[in-house]
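See structure below.
The values are calculated or read from the model by the stated rules, or taken from the named source; none is laboratory data. Since the structure is predicted, the reported quantities are computational estimates derived from the model, not experimental observations. Please note: Cβ atoms are built from the backbone with ideal geometry, for glycine as well, and neighbour counts cover all protein chains shown.
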Amino acid sequence: MGFTWTIITLVIALGLTWRYLGSYMAAVFEGRVHFLGWAERPVYRLLGTGPEQEQNWKRYAGSMVIFSAVAMGVTYLLIRIQGSLPLNPQHFGAVGQALSFNTASSFMTNTNWQNYGGETTMSYFSQIGALTFEQLLSPVIGIAVAIAMVRGFSRRNSPTIGNFWVDMTRGLFYIVIPIAFVAGIIFVGQGAVQTLAGTASFHDSLNGVTQTIARGPIGFMEAIKQLGNNGGGFLNANSATTFENPTGLTNWLSIYLLLAIPFALTYTFGKMVGSIRHGAALLAAMVLIFSVWVGYTTIAEHQQNPAVAAAGVHSNVGNTEGKEVRFGDTTTALFGVASTNTSTGSADASYDSFTPIGGMGLLTGMMLGEVTPGGAGSGLYTILIYAIIAVFIGGLMIGRTPEYLGKKIQAKEVKLAGLGALVMPIAVLLLTAIAVSIHAGRVAPLNGGPHGFTEILYGFTSPGNNNGSAFGGLTGNATFYNVTQGIAFLIGRVGIMIPALALGGALAAKNVVPESLGTFRTDNGMFVGLTIGVIVIIGGLTFFPAVSLGPIVEQLSHGKFF
């Protein structure tokens, strides 16, 4: 499928998904879908809760933190003792303490950064019982937090924002598991490997060489990897290998799954607050920024690699280094932008081999805060944080108290939104500064100069945004990076979720103010432009000095920018 048809079919499919999946998710979280009630009720009895037992934002946040901590602890334990567990045909031993901490926090926070090669480190039991299980849970946690925040806008004078355990159960049973199951069947049907057999060995008698082929239960992990914006692959080569991503159809399906839930949640938002126009405004902001990043990165990767050109080799097929020929440079750029802008991090190419300005497209897409469209749930609650800041600025422009969906945005809400918007940049830049200041941080990149700096910057931007993609030139499996990145995972996840829930609680307790002639409209083009401006300015001004020292300097060192 050519690049043009890929775009056309994705637009059609995602447009239908926005309307119908978005409406369905609203019905699920409003309690209007009950066909799996027989599965829900035993879970509620086990947890000692139910839909009628609602929580305020503090209890909701506490439940989220406790559940996440337990899930992280179980994952840590399982990979530490995997040598004593079944489904270990390669007889892998325990994973080291620092790497186990990094991996457990990575998968719990929906990051899926991997400082290891899956086929040489993790047993099948660890891949299924620990990592894939986390890949099912972590996106649902994000969706639950987003829905709780949305209830802050839809409710009036309410002390509660829902029940975390109910939202988790419904999101898992009605949304994530069914879609992932269908997608998994398609992946396996197209040739993705799905087996519990050990590695396969082939002996070349002519050359006297034996080749070992890694395999395992890959196909269904691939489905939830993409749908849940997880990104962690069974194999080290991720979606660049035919065992995970065998055909053009699975590559298209991967891109579709990356974008489906984050985009559809804007319709869910509009449906739940009673104004589809407000959901469409958020969608428009997401789509416009995403489209610009796709166009920019595609143009950058359609140019020849400057290092290859400097060697006197000329080509008109774009930058093919580190890419699968079967996908080409343009579709690979689309996949890369979709992956980095959705907090997924999966890869069908080597991102470290992108041109300096192409890699900058991936890097800056994350620096905007993963809102275009962001991850499952995280994209919605983060862009709502930016929208509140935009409303505040709009209110200052017209000289009246800002309002969003009839709720007054006052000092408390602005402070919480500011905290949610700034926690990620502060963490990323602080950890990057520490890394370039000490020996343990500087020895990890395989390259020197501006590209080496970019590898370090990417190595904290990705964890801080719960993305998980990497520039392969960074040797991350060292104690310093395992620990500092693990901290970045947690700050980038919980540090934004808690302000988002606090905002939901504060807004739910407010009454709706009637709209008047002076009310700043939040469902039109001006608001979309203002929101985009806030996103780009916060991301651009915060990270521009760091980006200037990395990919911009590297590109300009070749004598031109484009």
Enumeration of residues in region 387-410 that are small (Gly, Ala, Ser) and touching a helix residue (DSSP H, G or I) at 6+ places or on another chain (Cβ under 8 Å): Ala387, Ala390, Gly394
Report whether or not Gln55 is surrounded by 15 or more Cβ atoms within 10 Å (Cβ to Cβ), of a type outside the set (Phe, Trp, Tyr), over 23 Å from the mean Cα position of the chain (by Cα) and more than 29 Å from Tyr174 (Cα to Cα). no
State whether one or more residues within region 159-166 are assigned to a helix (DSSP H, G or I) and more than 16 Å from Val33 (Cα to Cα). yes
Any residue that is small (Gly, Ala, Ser) and either under 19 Å from Tyr116 (Cα atoms) or in contact (Cβ under 8 Å) with a residue 60 or more places away in the chain (or both) - is there at least one of those in region 394-403? yes
Quick check on this structure: which one of Gly518, Gly525 is at pLDDT 95 or above, closer than 24 Å to Ala281 by Cβ and either surrounded by fewer than 20 Cβ atoms within 10 Å (Cβ to Cβ) or of a type in the set (Lys, Arg) (or both)? Gly525
What are the residue pairs meeting all of these: first residue in region 535-547, first residue farther than 15 Å from Val423 by Cα, second residue among the β-branched types (Val, Ile, Thr) and at pLDDT 95 or above, Cβ atoms under 7 Å, and 6 or more apart or on different chains? Ala546/Thr432; Val547/Thr364
Which residue is surrounded by the most Cβ atoms within 10 Å (Cβ to Cβ), if the candidates are limited to region 345-368 and must be within 22 Å of Thr432 (Cβ to Cβ) and under 10 Å from the mean Cα position of the chain (by Cα)? Gly345
List the number of the failed condition for Leu405; all other conditions in (1) at negative phi; (2) crowded, with 18+ Cβ neighbours inside 10 Å; (3) of a type outside the set (Lys, Arg) hold. (1)
Region 99-124 - residue that is assigned to a helix (DSSP H, G or I), under 29 Å from Ala197 (Cβ atoms) and aliphatic (A, V, I, L, M) and, of those, nearest to the chain's Cα centre (by Cα): Ala104
Within region 252-305, can you find the residues that are β-branched (Val, Ile, Thr) and closer than 21 Å to Leu16 by Cβ? Ile255, Ile261, Thr266, Thr268, Ile276, Val287, Val294
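Residues checked against (1) modelled with pLDDT of 95 or more; (2) over 28 Å from the mean Cα position of the chain (by Cα); (3) under 26 Å from Asn465 (Cβ atoms); (4) of a type outside the set (A, V, I, L, M, F, W, C):
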| residue | (1), (2), (3), (4) |
| --- | --- |
| Ala387 | yes, no, yes, no |
| Ala390 | yes, no, yes, no |
| Pro402 | no, yes, no, yes |
| His439 | yes, yes, no, yes |
Single unsatisfied condition, Ala200 versus (1) within 15 Å of Gly374 (Cβ to Cβ); (2) touching a strand residue (DSSP E or B) at 6+ places or on another chain (Cβ under 6 Å); (3) among the small types (Gly, Ala, Ser): (1)
Do we have Phe335 as over 14 Å from Gly358 (Cα atoms), surrounded by 15 or more Cβ atoms within 10 Å (Cβ to Cβ) and modelled with pLDDT of 90 or more here? no
For region 88-98, indicate whether the set of residues that are in a helix (DSSP H, G or I), in contact with a helix residue (DSSP H, G or I) (Cβ under 7 Å, 6 or more places away or on another chain), free of Cβ contacts under 8 Å to residues at least 40 places away in the same chain and surrounded by 13 or more Cβ atoms within 10 Å (Cβ to Cβ) is non-empty. no
In region 187-201, anything in a helix (DSSP H, G or I) and surrounded by fewer than 16 Cβ atoms within 10 Å (Cβ to Cβ) is listed as Gly189
What residue, among those in region 18-27 that are more than 11 Å from Met272 (Cβ to Cβ) and crowded, with 16+ Cβ neighbours inside 10 Å, is farthest from the chain's Cα centre (by Cα)? Tyr24
Counting only residues that are of a type outside the set (A, V, I, L, M) and surrounded by 22 or more Cβ atoms within 10 Å (Cβ to Cβ), which one in region 528-542 is modelled with the lowest pLDDT? Gly539
Among the residues of region 434-460, write down those that are of a type in the set (Ser, Thr, Tyr) and crowded, with 23+ Cβ neighbours inside 10 Å. Thr454, Tyr458
Find all pairs meeting these conditions: Cβ atoms under 8 angstrom apart; at least six residues apart or on different chains; first residue within region 423-434 and farther than 16 Å from Leu549 by Cα; second residue at pLDDT below 95 and surrounded by 18 or more Cβ atoms within 10 Å (Cβ to Cβ). Met424/Gly369; Pro425/Ile538; Pro425/Gly539; Pro425/Thr542
Go through region 327-370 and report how many residues are in contact (Cβ under 8 Å) with a residue 60 or more places away in the chain, closer than 19 Å to Val547 by Cα and not in a helix (DSSP H, G or I). 4
Based on what the data block shows, is Pro463 buried (at least 24 other Cβ atoms within 10 Å of the Cβ) and not aliphatic (A, V, I, L, M)? yes
Are there any pairs, at least 6 apart or on different chains, whose C-beta atoms fall under 6 Å, with the first in region 196-215 and under 20 Å from His91 (Cα atoms) and the second surrounded by 10 or more Cβ atoms within 10 Å (Cβ to Cβ) and among the small types (Gly, Ala, Ser), and if so, which? Thr199/Ala214; Ile213/Ala200
Hey, does region 394-405 have a residue that's among the β-branched types (Val, Ile, Thr) and in a helix (DSSP H, G or I)? yes
For region 258-312, how many residues are within 27 Å of Ile179 (Cα to Cα), buried (at least 24 other Cβ atoms within 10 Å of the Cβ) and among the polar types (S, T, N, Q)? 2
